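Presented below is the structure to which this report refers.
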Amino acid sequence: MAYIITKFRSETEKQGGIVKQYEHFEDLAKEFKECRKGGKLGSGFIRCETIERKDSDCKPSRLLIIDGDESEDGSNAPSPRQVHLALKELGYNHFIYTSHSHSKDKNKYRVVIAADEYDRNAVTANNSAVLLELKARGKAIKHVKEMNSFSQIWFNPRRDDPEDGLYRFYGFFKGKDWESITDVQESETETKKDQEETEKTGGSESLEQMHENIRTGREYHESLRTLSYQYIADGMSTANAKAILKSIMNSSKDAGSDRWQTRYDDIDRMVDGAIGSSVASSIADLDLSEPETIHNPPPMPDGLLGKFITELKEFMLYEDDTIAFAAGMFILTSIVGRTFNVDIHSKDGLGAPTALNMYFTLAAETGVGKSEIENAVERTFMEFSGVNGSIRDFFYKGRVTGPRALYRIYKSQRSVGVIANEAGIEGKSSLGDKQGLNSAWLNLYGQGAWNKYTSASELSDSDNSIESIRAVAISRVSESTPVELMSYYRQGASVENGLIPRENMFIIKEINTKANRNIRSHYSKDIRDKMEHLVSICHKNAGEDLGFKPYVISVDDSALLAEMFAMQERLRTRQSKGNTMHERALSGRMFVKMLRYAGIWTVFNVDKEDKDSLTITRSGWSWAVRVVEDEYDKINDVVALTSGNNVMDELIDYTAYKLGQIINGTIKVNDCRVDPEMRRSGIIPTTKVKKAVRSNPQFKDLEGDPKFSGMYKSGIDKVLEYMAKIGYIEVLKKNPLGRGAAIKVLDGLVEHLENRWDDGKVR
């Protein structure tokens with residue numbers, strides 16, 4: 001059965017809409033991916049086939065529409081991405097697009113959910129049920145009357161400036177359609193009263209009102225279903241929820257009727273369905289042996305820069321957007337890193353200049369094709385071997401084992417890119433001064449601007465001491481598997497010391513096995529001309545060159561500059577008030593990354609390098625923001641929340657894995673299995689958890705000295721205590737479903753398992 005909408009050219013058009021049918025929900029979603037230029041009012045759609053735009057005229061629909069205007073308490077609505085992740089977790093096919101009123105400070109969006117067919121009498125019931133499921137996941141959206149009108153027009157995505165970087169679109173199409181509530185038996189008069197009452201209250205009915213609906217026989221199905229979700233969301237056991245609902249039903253004045261009996265017999269199924277949407281069922285549904293496979297490359301730039309990355313991809317044996325993006329950005333930053341600086345405070349680069357050097361890390365499993373980055377650099381060598389000043393002077397390949405060796409690379413060429421070895425293995429290597437090397441990376445990243453000096457390091461051996469040198473702009477590219485990279489980051493406290501926030505992290509989860517049959521042999525002429533020009537002018541920037549002046553990229557648009565400073569302030573606030581260590585650390589470097597990406601966009605897309613041309617445009621800035629936000633959204637796939645203690649982190653992984661096995665019923669130890677109700681509720685006896693993990697000898701590494709019994713804690717208790725501290729579990733002194741203490745699984749554990757599970761092995 002098709003998904004049908006009726007399109008209208010304007011809000012005022014009352015008849016003559018165009019009916020469109022889509023066999024697949026994803027085909028409908030494609031209509032909303034692109035945001036067009038325009039005001040708030042204009043063309044839009046209605047969720048069903050209709051002629052006169054009246055509820056009574058509308059045919060049944062397969063679409064639910066949620067208006068993300070504000071939270072249930074009147075505050076800012078949860079972000080569209082958070083709602084997307086919640087619906088994806090629930091498994092519902094959907095797409096979300098932001099509306100014309102969406103801004104940096106106020107979330108405004110539409111949620112469109114694929115559903116089984118239902119008619120207009122059931123719209124309020126379906127909306128209430130969807131909103132309650134979202135509320136149970138902490139995403140409480142206010143139930144407004146517009147959602148309950150079948151003939152409500154929903155505007156197409158439009159913004160005054162579609163390139164302002166604020167339009168968002170999210171979609172999920174591999175799940176299930178919403179199981180619609182269709183058996184709403186109230187008469188049209190009663191349904192109209194329900195809608196009028198909803199319009200008066202501006203939202204869903206209270207628990208008391210729903211109890212009254214059941215007792216008077218006014219309405220059963222919606223109230224029973226809503227109460228089921230509410231009771232389970234509040235932590236009530238299934239037995240108690242079923243008993244209370246049956247008790248309320250027995251008090252109904254309509255008790256004993258056929259309609260009453262149908263709903264009474266359905267209570268057990270309803271409550272079990274509510275449990276099926278709980279946190280625990282999210283784990284039960286996890287396939288702990290297969291990683292999620294997605295192909296989601298970074299946002300591609302427009303103009304000549306986008307063409308350069310595209311042509312790099314066409315050189316590849318196996319084309320991959322992410323690898324081409326990382327390779328292209330590494331090549332360009334290695335060449336122009338010092339010669340071009342961004343300074344939004346001064347057109348002369350005397351305010352707070354930022355060099356364009358960057359650090360890139362590609363995390364992917366073996367066999368994906370990470371070596372294509374090095375191949376891309378080699379092909380670029382071949383293309384420009386005859387340019388004045390060899391392009392090879394801008395790159396260094398090899399193992400760096402200490403800070404002095406690293407600094408020596410830059411004695412003559414002030415802008416160079418290092419093609420590093422496998423990052424995880426190199427980082428854990430005992431060769432060289434690892435701590436000093438990390439300090440050198442940090443220093444060289446931050447001191448690359450044209451007027452800065454590197455820090456000197458006085459070592460006990462004068463031959464190995466490092467002198468301060470002028471303005472080294474270093475770029476670096478590394479690659480690793482997620483497992484090796486995670487282990488390296490944990491050992492070096494790389495988040496806390498600032499190394500990770502400086503990295504531009506790219507993750508590939510899907511191997512692209514499609515061979516490239518038409519491998520490109522040469523760059524296009526416009527790419528060649530641009531690259532030759534940049535190599536020529538940047539190669540002059542060598543040695544001390546004290547008289548050197550950079551090409552300064554600035555901002556002329558005062559409105560854009562105000563937006564950039566507002567972005568900086570928001571990130572600084574998140575840096576100090578973020579919920580997690582990673583959120584705080586990463587936020588501190590996001591603005592600098594945005595400046596550098598916008599700078600590269602400007603360098604490669606302008607025709608000439610003068611003060612009038614070298615200005616960041618709104619298009620360049622919007623793209624830079626999208627790239628950095630995209631990376632921020634993905635980075636937990638590699639850098640999950642860690643304790644700073646390698647043993648503790650590994651045992652958190654192990655314990656989370658075993659808890660997941662208990663809940664999804666795959667645990668092999670019979671003594672650790674629990675009954676279905678405990679699995680559904682996510683409440684597991686502590687004794688079962690401890691039995692499941694006790695064979696791991698690493699727990700002993702965390703144990704205290706038993707001689708000091710007053711201070712002694714077992715390694716398992718320390719891990720469970722830490723998991724409770726970071727929001728993975730709740731430790732219950734009394735098991736509501738049995739005896740003794742228990743562990744209650746929280747959302748954090750679900751996210752941990754989703755982000756950290758790979759190929760059936762605990763990381």
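Nothing in this text is a laboratory measurement; each read-out follows from the coordinates by a stated rule. Every value quoted in this text rests on a predicted model; they were computed, and no experiment measured them. All Cβ positions, even for glycine, are placed from backbone atoms using ideal geometry, and neighbour counts span all protein chains on display.
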- So how do 60-73, 659-672 stack up, highest first, on mean other-Cβ count within 10 Å? 60-73, 659-672
- Query: How far is it, in nm, from the label point at ASP57 to the one at HIS345 when both lie 7 Å from their Cα along the line to the Cβ?
  - Reply: 6.2
- Whether region 26-83 is rounded, prolate or oblate, judged on the alpha carbon gyration tensor where a/c under 1.5 counts as rounded: prolate
- Tabulate in residue order the Karplus-calculated ³J(HN,Hα) for region 671-682, using 6.51 cos²θ - 1.76 cosθ + 1.60 with θ = phi - 60°, rounded to whole Hz; enter x for Gly and Pro. 5, 9, 7, 10, 6, x, 5, 5, 4, 5, 7, x
- Item | Distant-in-sequence amide H partners of LYS397 (H built 1.01 Å from N, under 5 Å) | ILE419
- Both in Å, the radius of gyration and Dmax of the C-alpha trace of region 66-145 are 12.1, 37
- Under the 7 Å Cα-to-Cβ spin-label approximation, LYS104 and ASP556 lie apart by a distance in nanometres of 2.2
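For region 123-168, rounded, prolate or oblate, judged on the Cα gyration tensor with a ≥ b ≥ c (square roots of eigenvalues), a/c < 1.5 rounded, else prolate if a/b > b/c?
Judged from the Cα gyration tensor, region 123-168 comes out oblate (a/c at least 1.5, b/c at or above a/b).
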- Message: For region 3-192, compute the orientation-averaged projected area of the C-alpha convex hull (one quarter of its surface), in nm².
- Response: 10.4
- Task: Go through PHE155, ILE18, ILE4 and say which Cα lies farthest out towards the positive end of the charge dipole of region 3-192; charges sit on Cβ, +1 for Lys and Arg, -1 for Asp and Glu.
- Result: PHE155
- Query: What order do you get for SER714, SER587, SER468 when you list them from fewest to most C-beta neighbours inside 10 Å?
  - Reply: SER468, SER714, SER587
- Could I have the simple spin-label model distance between SER251 and ARG673, label points 7 Å from Cα toward Cβ, reported in nm to one decimal? 4.1
- Message: Going by average Cβ density within 10 Å per residue, which order do the peptides 224-230, 244-250, 330-336 take, highest to lowest?
- Response: 330-336, 224-230, 244-250
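At a Förster distance of 60 Å, what's the computed FRET efficiency of LYS88 paired with GLU703, Cβ-Cβ distance as r, to 0.05?
Taking R0 as 60 Å, the efficiency between LYS88 and GLU703 is 0.90.
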- Between MET382 and ASN451, 0.36 nm times their residue separation minus their Cα-Cα distance comes to what? 21.6 nm
- Task: Quote the FRET efficiency, to the nearest 0.05, computed for GLN209 versus GLU146 with a Förster distance R0 of 25 Å and r equal to the Cβ-Cβ distance.
- Result: 0.75
- Among 115-121, 175-181, how do they line up from the highest to the lowest mean number of other beta-carbon atoms within 10 Å? 115-121, 175-181
